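These notes concern the structure reproduced below.
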Amino acid sequence: MPNDLPLKLAILGKAFSGKKTIAKQLQEKYGGEKNIKIFNMDEIIKEALDYITPKKVDETAIAAASKAKKGKVEEVTAVDIFAGKHPADYKKLAHEMKAKFFADYEGELPQHIDLTNLVFDDSLLVNLFCERLKLEYEGVDLSESVADLEAGIRREKEIMD
């Protein structure tokens, strides 16, 4: 069976049915993280909420660090994981999701819970996922990928003829 064309695969199933396990097995079998990127919807939801929710500063920890270093504490600054990209639509969707489903979120979510099931708006999840994909590949030079794709299409046609 020819395999020159890229594959996009969605693994759907109930909570704790083995979706991540299968995705990781496929990733290991077909070349690791270089060839297969896994996107987990629960992780995208958590990432989006964290991205728009300011972190609480632990004053006690800062005071202890200050004492330990004799008053010299490095300033803690937030890192923008999408620096240099255009996350406006992603932020808008994250704010909408937070307002509808996670109004009390302040940086801590329950452990071992299927976050995707807490969001009752499938179109919101799909749009959030699409925006996250755009951010993942924004600025990536795809010219080599396009050439590889075109070569793969030619090989597929030759095989089929």
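None of the figures in this text is laboratory data; all of them are computed from the coordinates on show. In this text the structure is predicted, and so the values were computed from the model without any measurement. As a convention, Cβ positions derive from the backbone with ideal geometry for all residues, glycine included, and neighbour counts pool all protein chains shown.
What the table shows:
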{"quantity": "Summed residue charge, Cβ within 14 Å of PHE101's Cβ, Lys/Arg positive, Asp/Glu negative", "calculated": "-3"}
{"quantity": "Extension gain, ILE36 back to VAL126 (0.36 nm per residue minus Cα-Cα distance, nm)", "calculated": "30.4 nm"}
{"quantity": "Surrounding net charge for LYS85, when Lys and Arg each add one and Asp and Glu each subtract one, Cβ distance under 14 Å", "calculated": "-3"}
